[in-house]
1. Got a number for the accessible area of residue 250? Probe 1.4 Å, square angstrom, nearest 10.
2. Which ³J(HN,Hα) values, rounded to whole Hz and listed in residue order, are derived for the range 253-270 from phi using the Karplus coefficients 6.51, -1.76 and 1.60 in 6.51 cos²θ - 1.76 cosθ + 1.60 with θ = phi - 60°, glycine and proline given as x?
3. Taking only protein heavy atoms into account and a 1.4 Å probe, give the accessible area per residue of the chain in Å².
4. Compute the FRET efficiency between residue 98 and residue 228 as 1/(1 + (r/R0)^6), taking r as their Cβ-Cβ distance and R0 = 22 Å, and round to the nearest 0.05.
5. State, to one decimal in nm, how far the label point of residue 129 lies from the label point of residue 344, with both points 7 Å from Cα in the Cβ direction.
6. Go from 0 up to the bin containing the longest alpha carbon distance in the range 11-128, width 5 Å each, and give me the % of pairs per bin.
7. Could you work out which residue, out of 311, 215, 295, moves most in a Gaussian network model of the chain, that is, has the largest mean-square fluctuation with Cα springs under 10 Å?
8. Please work out the ratio of the alpha-carbon Rg of the range 67-142 to 2.2 N^0.38 Å and round it to two decimals.
Amino acid sequence: MQEGRINLSSDTQTRPTAAMRRAMAEAEVGDEQLGLDPTVTQLCRRAAALLGQEAAVLLPSGTMCNVISVLVHCRPGDELYAHHTAHVVSFEGGGAAVFAGVQSRPLEGGRGIFTAETLRGVLRPVSRYAPCSRLAVIEQTTNLGGGTVWSEAEIAAVATVAGEHGLRLHLDGARLLNAAVALGVEPRRLCAPFDSVWIDLSKGLGCPVGAVLAGPASFIEAAWGWKQRLGGSMRQAGVLAAAGLHALTHHVERLADDHANARRFWEIVRRCPGVELAGGVPSVESNIVCLDLAGSGVPAQAVADRLEQRGVNVGVFGEHLLRAVTHLGVGRAQVEKAAAALAETVEELGR
Ligand SMILES: *Cc1c(COP(=O)(O)O)cnc(C)c1O
(Lines give C-alpha, C1' and ligand atoms only; values in the text may rest on other atoms or scores of the structure.)
Protein backbone atom coordinates (compact mmCIF):
# COMPACT_ATOMS: atom_id res chain seq x y z
CA MET A 1 0.00 0.00 0.00
CA GLN A 2 1.32 3.44 -0.87
CA GLU A 3 2.38 5.27 2.28
CA GLY A 4 -0.58 6.86 4.04
CA ARG A 5 -3.14 5.56 1.53
CA ILE A 6 -6.13 3.59 2.84
CA ASN A 7 -6.81 1.02 0.16
CA LEU A 8 -10.15 -0.73 0.67
CA SER A 9 -10.64 -1.54 -3.02
CA SER A 10 -9.94 -5.24 -2.35
CA ASP A 11 -8.32 -7.63 0.10
CA THR A 12 -5.87 -8.34 -2.71
CA GLN A 13 -4.30 -4.98 -1.79
CA THR A 14 -2.25 -6.43 1.08
CA ARG A 15 1.54 -6.40 1.06
CA PRO A 16 3.53 -9.28 2.58
CA THR A 17 4.44 -8.39 6.16
CA ALA A 18 8.07 -8.26 7.31
CA ALA A 19 7.62 -11.61 9.07
CA MET A 20 6.10 -13.17 5.94
CA ARG A 21 8.99 -11.89 3.82
CA ARG A 22 11.46 -13.45 6.29
CA ALA A 23 9.64 -16.78 6.06
CA MET A 24 9.82 -16.54 2.26
CA ALA A 25 13.52 -15.67 2.29
CA GLU A 26 14.33 -18.64 4.51
CA ALA A 27 12.18 -21.21 2.67
CA GLU A 28 13.69 -24.54 1.74
CA VAL A 29 13.04 -25.03 -1.98
CA GLY A 30 13.21 -27.59 -4.79
CA ASP A 31 11.57 -28.26 -8.16
CA GLU A 32 7.84 -27.94 -7.59
CA GLN A 33 6.73 -29.61 -10.82
CA LEU A 34 8.80 -32.69 -9.98
CA GLY A 35 7.17 -32.78 -6.54
CA LEU A 36 10.55 -31.97 -4.99
CA ASP A 37 9.85 -28.65 -3.27
CA PRO A 38 9.56 -29.55 0.42
CA THR A 39 7.85 -26.29 1.40
CA VAL A 40 5.19 -26.66 -1.31
CA THR A 41 4.63 -30.26 -0.22
CA GLN A 42 4.23 -29.10 3.37
CA LEU A 43 1.74 -26.38 2.36
CA CYS A 44 -0.33 -28.81 0.28
CA ARG A 45 -0.47 -31.35 3.13
CA ARG A 46 -1.41 -28.67 5.61
CA ALA A 47 -4.12 -27.19 3.35
CA ALA A 48 -5.54 -30.65 2.57
CA ALA A 49 -5.80 -31.41 6.30
CA LEU A 50 -7.32 -28.00 7.04
CA LEU A 51 -9.94 -28.53 4.33
CA GLY A 52 -10.52 -32.21 5.18
CA GLN A 53 -9.41 -33.38 1.73
CA GLU A 54 -7.14 -36.21 0.56
CA ALA A 55 -4.75 -34.13 -1.53
CA ALA A 56 -4.00 -30.61 -2.68
CA VAL A 57 -2.05 -28.72 -5.32
CA LEU A 58 -0.59 -25.21 -5.31
CA LEU A 59 -1.70 -23.04 -8.24
CA PRO A 60 -0.75 -19.49 -9.24
CA SER A 61 -4.28 -18.11 -8.77
CA GLY A 62 -7.85 -18.76 -7.74
CA THR A 63 -8.93 -18.25 -11.32
CA MET A 64 -6.80 -21.23 -12.32
CA CYS A 65 -8.32 -23.29 -9.47
CA ASN A 66 -11.78 -22.61 -10.90
CA VAL A 67 -10.93 -23.28 -14.54
CA ILE A 68 -9.02 -26.47 -13.73
CA SER A 69 -11.88 -27.73 -11.58
CA VAL A 70 -14.32 -27.11 -14.44
CA LEU A 71 -11.93 -28.89 -16.83
CA VAL A 72 -11.70 -31.94 -14.55
CA HIS A 73 -15.40 -32.17 -13.67
CA CYS A 74 -16.91 -31.41 -17.08
CA ARG A 75 -16.79 -32.32 -20.77
CA PRO A 76 -17.49 -29.95 -23.67
CA GLY A 77 -21.24 -29.34 -23.98
CA ASP A 78 -21.84 -29.69 -20.24
CA GLU A 79 -23.56 -26.96 -18.25
CA LEU A 80 -22.53 -25.45 -14.93
CA TYR A 81 -24.70 -23.55 -12.44
CA ALA A 82 -23.57 -20.60 -10.35
CA HIS A 83 -25.01 -17.37 -9.02
CA HIS A 84 -25.05 -14.65 -11.69
CA THR A 85 -22.62 -12.52 -9.66
CA ALA A 86 -20.19 -15.42 -9.12
CA HIS A 87 -16.56 -14.95 -10.08
CA VAL A 88 -16.65 -18.02 -12.33
CA VAL A 89 -19.51 -16.44 -14.33
CA SER A 90 -18.61 -12.76 -14.28
CA PHE A 91 -14.85 -12.28 -13.81
CA GLU A 92 -12.91 -15.05 -15.52
CA GLY A 93 -13.15 -13.96 -19.14
CA GLY A 94 -15.51 -16.81 -19.95
CA GLY A 95 -12.75 -19.30 -19.05
CA ALA A 96 -15.20 -22.16 -18.51
CA ALA A 97 -16.43 -21.66 -22.09
CA VAL A 98 -13.02 -20.94 -23.63
CA PHE A 99 -11.01 -23.77 -22.09
CA ALA A 100 -13.61 -26.38 -21.12
CA GLY A 101 -16.37 -25.79 -23.72
CA VAL A 102 -18.80 -25.51 -20.82
CA GLN A 103 -21.95 -23.40 -20.84
CA SER A 104 -22.59 -21.37 -17.68
CA ARG A 105 -26.14 -20.91 -16.45
CA PRO A 106 -26.28 -17.89 -14.12
CA LEU A 107 -28.78 -18.30 -11.27
CA GLU A 108 -30.89 -15.65 -9.54
CA GLY A 109 -31.03 -15.15 -5.79
CA GLY A 110 -30.40 -12.51 -3.15
CA ARG A 111 -27.06 -11.93 -1.38
CA GLY A 112 -25.09 -13.92 -3.98
CA ILE A 113 -26.84 -17.09 -2.85
CA PHE A 114 -29.11 -19.39 -4.89
CA THR A 115 -31.49 -21.85 -3.28
CA ALA A 116 -31.76 -25.59 -3.77
CA GLU A 117 -35.18 -25.00 -5.37
CA THR A 118 -33.74 -22.53 -7.88
CA LEU A 119 -31.09 -25.08 -8.83
CA ARG A 120 -33.63 -27.91 -9.11
CA GLY A 121 -35.78 -25.71 -11.35
CA VAL A 122 -33.10 -25.23 -14.03
CA LEU A 123 -31.71 -28.76 -14.29
CA ARG A 124 -32.08 -30.37 -17.72
CA PRO A 125 -33.73 -33.63 -18.70
CA VAL A 126 -31.25 -36.11 -20.14
CA SER A 127 -31.64 -35.64 -23.88
CA ARG A 128 -29.55 -35.29 -27.01
CA TYR A 129 -30.93 -31.75 -27.39
CA ALA A 130 -29.97 -30.34 -24.00
CA PRO A 131 -26.56 -29.60 -22.56
CA CYS A 132 -25.66 -32.07 -19.84
CA SER A 133 -26.27 -30.68 -16.33
CA ARG A 134 -22.94 -31.37 -14.66
CA LEU A 135 -21.64 -28.96 -12.04
CA ALA A 136 -22.86 -26.52 -9.40
CA VAL A 137 -20.52 -23.88 -8.00
CA ILE A 138 -20.95 -22.23 -4.61
CA GLU A 139 -18.96 -19.10 -3.76
CA GLN A 140 -18.14 -18.89 -0.06
CA THR A 141 -18.17 -16.07 0.99
CA THR A 142 -20.10 -14.40 -1.81
CA ASN A 143 -18.05 -11.58 -3.29
CA LEU A 144 -20.55 -9.31 -5.02
CA GLY A 145 -23.21 -10.77 -2.76
CA GLY A 146 -21.78 -8.43 -0.13
CA GLY A 147 -19.53 -10.90 1.67
CA THR A 148 -22.51 -13.02 2.69
CA VAL A 149 -21.74 -16.36 4.30
CA TRP A 150 -23.60 -19.44 3.04
CA SER A 151 -24.98 -21.32 6.05
CA GLU A 152 -24.32 -25.03 6.44
CA ALA A 153 -28.06 -25.63 5.93
CA GLU A 154 -28.13 -23.67 2.65
CA ILE A 155 -25.15 -25.65 1.35
CA ALA A 156 -26.60 -28.97 2.51
CA ALA A 157 -29.86 -28.28 0.65
CA VAL A 158 -27.97 -27.54 -2.60
CA ALA A 159 -25.77 -30.61 -2.04
CA THR A 160 -28.89 -32.78 -1.71
CA VAL A 161 -30.23 -31.59 -5.07
CA ALA A 162 -26.79 -32.06 -6.63
CA GLY A 163 -26.63 -35.60 -5.23
CA GLU A 164 -30.11 -36.48 -6.51
CA HIS A 165 -29.22 -35.35 -10.03
CA GLY A 166 -25.64 -36.59 -10.28
CA LEU A 167 -24.15 -33.08 -10.33
CA ARG A 168 -20.66 -32.41 -9.07
CA LEU A 169 -20.35 -29.66 -6.46
CA HIS A 170 -17.41 -27.23 -6.47
CA LEU A 171 -16.53 -24.71 -3.78
CA ASP A 172 -15.03 -21.41 -4.87
CA GLY A 173 -13.52 -20.80 -1.45
CA ALA A 174 -11.52 -17.68 -2.27
CA ARG A 175 -12.69 -16.45 1.15
CA LEU A 176 -13.67 -19.78 2.74
CA LEU A 177 -11.57 -19.05 5.82
CA ASN A 178 -13.45 -15.79 6.31
CA ALA A 179 -16.65 -17.86 6.30
CA ALA A 180 -15.23 -20.39 8.77
CA VAL A 181 -14.15 -17.61 11.13
CA ALA A 182 -17.49 -15.79 10.75
CA LEU A 183 -19.46 -18.98 11.50
CA GLY A 184 -17.03 -20.23 14.14
CA VAL A 185 -16.82 -23.68 12.52
CA GLU A 186 -13.93 -25.78 11.22
CA PRO A 187 -13.19 -25.16 7.53
CA ARG A 188 -13.26 -28.91 6.86
CA ARG A 189 -16.88 -29.04 7.95
CA LEU A 190 -17.82 -26.38 5.40
CA CYS A 191 -15.92 -28.33 2.71
CA ALA A 192 -17.40 -31.77 3.42
CA PRO A 193 -20.31 -31.64 0.93
CA PHE A 194 -18.04 -30.68 -2.03
CA ASP A 195 -16.21 -32.65 -4.72
CA SER A 196 -13.49 -29.98 -4.98
CA VAL A 197 -12.55 -26.93 -2.92
CA TRP A 198 -9.93 -24.20 -2.91
CA ILE A 199 -8.71 -21.26 -0.87
CA ASP A 200 -6.98 -18.12 -2.08
CA LEU A 201 -3.73 -17.18 -0.40
CA SER A 202 -3.63 -13.74 -2.01
CA LYS A 203 -6.84 -12.30 -0.54
CA GLY A 204 -7.40 -11.87 3.21
CA LEU A 205 -4.53 -14.20 4.04
CA GLY A 206 -2.13 -11.56 2.78
CA CYS A 207 0.20 -13.58 0.51
CA PRO A 208 1.56 -12.06 -2.71
CA VAL A 209 0.64 -15.04 -4.95
CA GLY A 210 -1.12 -18.36 -4.87
CA ALA A 211 -4.14 -20.52 -4.21
CA VAL A 212 -4.50 -24.13 -3.08
CA LEU A 213 -6.94 -26.53 -4.77
CA ALA A 214 -7.93 -29.63 -2.80
CA GLY A 215 -10.05 -32.74 -3.27
CA PRO A 216 -9.84 -36.52 -3.66
CA ALA A 217 -6.41 -37.84 -4.77
CA SER A 218 -7.78 -38.85 -8.20
CA PHE A 219 -9.18 -35.32 -8.71
CA ILE A 220 -5.87 -33.69 -7.78
CA GLU A 221 -3.99 -36.04 -10.10
CA ALA A 222 -6.25 -34.97 -12.98
CA ALA A 223 -5.82 -31.33 -11.89
CA TRP A 224 -2.04 -31.75 -12.20
CA GLY A 225 -2.49 -32.67 -15.86
CA TRP A 226 -4.27 -29.38 -16.53
CA LYS A 227 -1.84 -27.42 -14.37
CA GLN A 228 0.94 -28.66 -16.62
CA ARG A 229 -0.99 -28.00 -19.85
CA LEU A 230 -2.01 -24.50 -18.80
CA GLY A 231 1.49 -23.55 -17.73
CA GLY A 232 0.76 -23.49 -14.01
CA SER A 233 3.59 -25.83 -13.02
CA MET A 234 6.38 -24.03 -11.20
CA ARG A 235 9.97 -24.48 -10.10
CA GLN A 236 11.27 -23.20 -6.73
CA ALA A 237 7.78 -22.23 -5.57
CA GLY A 238 8.68 -22.88 -1.94
CA VAL A 239 9.17 -19.13 -1.50
CA LEU A 240 5.46 -18.72 -2.30
CA ALA A 241 4.41 -21.73 -0.23
CA ALA A 242 6.34 -20.34 2.75
CA ALA A 243 4.16 -17.25 2.60
CA GLY A 244 1.10 -19.51 2.57
CA LEU A 245 2.30 -21.53 5.56
CA HIS A 246 3.06 -18.33 7.43
CA ALA A 247 -0.43 -17.02 6.63
CA LEU A 248 -2.17 -20.23 7.76
CA THR A 249 -0.36 -19.93 11.09
CA HIS A 250 -0.65 -16.19 11.68
CA HIS A 251 -3.38 -14.71 9.49
CA VAL A 252 -6.48 -16.87 9.98
CA GLU A 253 -7.78 -16.01 13.46
CA ARG A 254 -7.16 -12.33 12.77
CA LEU A 255 -9.75 -12.39 9.96
CA ALA A 256 -12.20 -11.73 12.83
CA ASP A 257 -10.58 -8.27 13.13
CA ASP A 258 -11.28 -7.60 9.45
CA HIS A 259 -14.91 -8.58 9.99
CA ALA A 260 -15.22 -6.30 13.03
CA ASN A 261 -13.63 -3.48 11.02
CA ALA A 262 -16.07 -4.01 8.14
CA ARG A 263 -19.00 -3.84 10.57
CA ARG A 264 -17.52 -0.65 12.05
CA PHE A 265 -17.17 0.81 8.54
CA TRP A 266 -20.85 0.19 7.85
CA GLU A 267 -21.85 1.53 11.29
CA ILE A 268 -20.28 4.90 10.36
CA VAL A 269 -21.38 5.01 6.72
CA ARG A 270 -24.99 4.04 7.43
CA ARG A 271 -25.61 7.42 9.13
CA CYS A 272 -25.36 8.93 5.67
CA PRO A 273 -28.87 9.30 4.16
CA GLY A 274 -29.46 7.41 0.93
CA VAL A 275 -26.71 4.84 1.53
CA GLU A 276 -27.79 1.20 1.94
CA LEU A 277 -26.15 -2.19 1.93
CA ALA A 278 -26.48 -3.36 -1.68
CA GLY A 279 -28.83 -6.14 -2.72
CA GLY A 280 -30.94 -6.06 0.43
CA VAL A 281 -28.14 -7.61 2.51
CA PRO A 282 -29.35 -7.18 6.11
CA SER A 283 -25.94 -6.94 7.78
CA VAL A 284 -22.19 -7.14 7.23
CA GLU A 285 -21.14 -10.77 7.76
CA SER A 286 -17.47 -10.80 6.79
CA ASN A 287 -14.85 -8.41 5.35
CA ILE A 288 -16.83 -7.06 2.38
CA VAL A 289 -19.21 -4.08 2.40
CA CYS A 290 -21.14 -3.50 -0.83
CA LEU A 291 -22.91 -0.14 -0.78
CA ASP A 292 -25.84 1.01 -2.87
CA LEU A 293 -25.79 4.82 -3.22
CA ALA A 294 -28.93 5.02 -5.39
CA GLY A 295 -30.95 6.66 -2.62
CA SER A 296 -28.45 9.53 -2.48
CA GLY A 297 -28.52 10.00 -6.27
CA VAL A 298 -24.72 10.28 -6.24
CA PRO A 299 -22.79 8.26 -8.85
CA ALA A 300 -20.40 5.71 -7.35
CA GLN A 301 -17.56 6.73 -9.68
CA ALA A 302 -17.75 10.37 -8.55
CA VAL A 303 -17.47 9.26 -4.91
CA ALA A 304 -14.56 6.95 -5.68
CA ASP A 305 -12.73 9.71 -7.59
CA ARG A 306 -13.17 12.23 -4.78
CA LEU A 307 -12.08 9.64 -2.19
CA GLU A 308 -9.02 8.79 -4.23
CA GLN A 309 -7.93 12.45 -3.95
CA ARG A 310 -8.41 12.13 -0.20
CA GLY A 311 -6.14 9.07 -0.02
CA VAL A 312 -8.89 6.44 0.17
CA ASN A 313 -9.55 3.71 -2.43
CA VAL A 314 -12.82 1.83 -2.87
CA GLY A 315 -14.07 -0.30 -5.77
CA VAL A 316 -16.79 0.72 -8.24
CA PHE A 317 -19.06 -2.13 -9.41
CA GLY A 318 -22.00 -0.29 -10.95
CA GLU A 319 -23.55 3.13 -11.41
CA HIS A 320 -24.42 3.36 -7.72
CA LEU A 321 -22.50 0.38 -6.38
CA LEU A 322 -19.34 0.72 -4.27
CA ARG A 323 -17.38 -2.04 -2.58
CA ALA A 324 -15.06 -1.65 0.41
CA VAL A 325 -13.04 -4.62 1.64
CA THR A 326 -11.11 -4.76 4.91
CA HIS A 327 -7.82 -6.64 5.26
CA LEU A 328 -4.63 -6.86 7.28
CA GLY A 329 -3.21 -3.73 5.64
CA VAL A 330 -5.80 -1.44 7.24
CA GLY A 331 -6.33 -0.97 10.98
CA ARG A 332 -9.38 0.20 12.92
CA ALA A 333 -8.42 3.90 12.89
CA GLN A 334 -7.88 3.89 9.11
CA VAL A 335 -11.20 2.13 8.54
CA GLU A 336 -12.98 4.75 10.65
CA LYS A 337 -11.23 7.57 8.79
CA ALA A 338 -12.17 6.07 5.41
CA ALA A 339 -15.80 5.57 6.45
CA ALA A 340 -16.09 9.17 7.66
CA ALA A 341 -14.51 10.42 4.42
CA LEU A 342 -16.99 8.37 2.39
CA ALA A 343 -20.00 9.65 4.33
CA GLU A 344 -18.78 13.27 3.97
CA THR A 345 -18.15 12.83 0.26
CA VAL A 346 -21.62 11.42 -0.43
CA GLU A 347 -23.17 14.31 1.50
CA GLU A 348 -21.07 16.93 -0.33
CA LEU A 349 -21.82 15.52 -3.78
CA GLY A 350 -25.49 15.04 -2.91
CA ARG A 351 -26.01 18.74 -2.15
C1 LIG B 1 -10.56 -13.28 -6.30
C2 LIG B 1 -11.56 -14.33 -6.52
C3 LIG B 1 -11.33 -15.38 -7.41
C4 LIG B 1 -10.10 -15.45 -8.28
O5 LIG B 1 -8.93 -15.53 -7.55
P6 LIG B 1 -7.56 -14.93 -8.14
O7 LIG B 1 -6.55 -15.44 -7.17
O8 LIG B 1 -7.71 -13.44 -8.13
O9 LIG B 1 -7.39 -15.48 -9.51
C10 LIG B 1 -12.31 -16.34 -7.57
N11 LIG B 1 -13.43 -16.31 -6.84
C12 LIG B 1 -13.69 -15.32 -5.96
C13 LIG B 1 -14.96 -15.35 -5.18
C14 LIG B 1 -12.77 -14.29 -5.78
O15 LIG B 1 -13.05 -13.31 -4.94
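The values are calculated or read from the model by the stated rules, or taken from the named source; none is laboratory data. From a predicted model like this one, the values you see are computed outputs, not experimental measurements. For neighbour counting, all protein chains shown are included, and Cβ atoms are generated from backbone atoms with ideal geometry for every residue, glycine included. Heads up: the accessible areas ignore ligands, DNA and RNA and are worked out on the full protein's heavy atoms, side chains in. Shrake-Rupley method; radii C 1.70, N 1.55, O 1.52, S 1.80 Å.
1. Around 110 Å² of this residue is reachable by solvent.
2. Couplings: 4, 5, 4, 4, 5, 4, 5, 5, 5, 5, 5, 4, 4, 5, 4, 7, 5, 5 Hz.
3. 42 Å²
4. Step by step, r from the Cβ atoms, then E = 0.75.
5. Roughly 6.3 nm, to one decimal.
6. 2, 9, 13, 15, 17, 15, 12, 8, 6, 3, 1, 0
7. 295
8. That ratio works out to 1.04.
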